[in-house]
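Notes for the one structure printed next.
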Ligand code: NAP
């Protein structure tokens, strides 16, 4: 058994994606969504461990709160201060480790959807929350030069600090210049998702020299992506990151390569 803990968690696509993966891989596993109230994450992790659960996904609001209940963290999770995947230590299966698969999921999606290698890319990341921080860290570690545009300067600086020495913050009036100098723009704000209509930036700043990744996956095609395509930019939605971060968790739990096509089909049909 594996599970996702969060609050709320009933909307999570993780059960659909992971159960499809277990079935495609021929594993007699099941994945369930477990609502866990704020403050209860450490006791929920201990309980899951006592019950013999093999792995946990962790979503809001527990990504930092689970850390004290774990035996160790990957360097990625430690840097981000956020865990989205708990797995057994392959060298000592009694130990539970925390990791964060969002950044590797983002990079895998970039490569598979847009055939982009991050090294040397100039990237503007819109937003400075949990997803932005994971993306900035992964891009910086892979050799991209990242600038962060967010409405709170302190949050932007905090995210940029994860992106290595070349990373920086876009000044309040500097978005046009930053986008003009970038080849990739990533929307890591909720603007454009169902219930948050609109665009997170002026699409007139985009052109054929740009690729745009919108981390939003509900809907799959946001207003930003449509406008970017109309101006000749290459685009990719949030489904790839979602599926690839789940694939990374699957591999940590089971030790097997993830059946990506089955996971992507399940996610696409659930979102659709
Ligand atoms: P979060 O931690 O709440 O961060 C959201 C960020 O967007 C913050 O910097 C926030 O600024 C900013 N923001 C919110 N509303 C805004 C607005 N109207 N205008 C400008 N900036 C705004 O959220 P998150 O977990 O990072 O998620 C962000 C998005 O990524 C969501 O749409 C989520 O669904 C998506 N996501 C996708 C995946 C995937 O696998 N595809 C994974 C994770 C997240 P303030 O701090 O000032 O509010």
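Read-outs: derived from the displayed coordinates by stated rules, not from any lab. Note that the structure is predicted; figures quoted are calculated from it, not measured. Cβ sites come from the backbone with ideal geometry, for glycine too, and all protein chains shown count toward neighbours.
Listing for the model above:
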item	result
29, 96, 253 arranged by Cβ crowding within 10 Å, fewest neighbours leading	29, 96, 253
Packing-based ranking, highest mean first, of 40-46, 181-187, 265-271 given that Cβ atoms within 10 Å are counted	181-187, 40-46, 265-271
Cβ-based exposure ranking for 213, 9, in which fewest neighbours within 10 Å come first	9, 213
Segment 119-194, Cα convex hull volume normalised per residue, Å³	84 Å³
Globularity index of segment 36-131, i.e. its alpha-carbon radius of gyration over 2.2 N^0.38 Å	1.24
In degrees, nearest ten, helix 14-24 long axis to first principal axis of the chain (Cα)	70 degrees
Convex hull volume per residue in cubic angstrom - Cα atoms of segment 191-256	90 Å³
Dimensionless Rg ratio for segment 1-70, taking C-alpha atoms and the 2.2 N^0.38 Å reference	1.09
Which of 31, 250 has the fewest Cβ neighbours within 10 Å, and the rest in rising order	31, 250
Rounded to 10°, Cα long-axis angle of helix 102-114 versus longest principal axis of the chain	50 degrees
Size of the chain as Cα extents on the principal axes (Å, biggest first)	54, 36, 33
For a label point 7 Å along the Cα-to-beta-carbon line of residue 38, residues of segment 1-32 with backbone N under 15 Å	6-9
Segment 181-246 - percent relative contact order, Cα under 8 Å, separation 6 or more	33 percent
Inter-centroid distance (Cα atoms) of segment 161-209 relative to segment 3-41, Å	32 Å
In degrees, nearest ten, helix 130-141 long axis to first principal axis of the chain (Cα)	80 degrees
Over segment 127-272 - Rg/Rh using Cα atoms and the Kirkwood inverse-distance radius	0.98
Modelled label reach - residue 231, point 7 Å along Cα→Cβ, segment 102-122 residues with backbone N closer than 15 Å	none
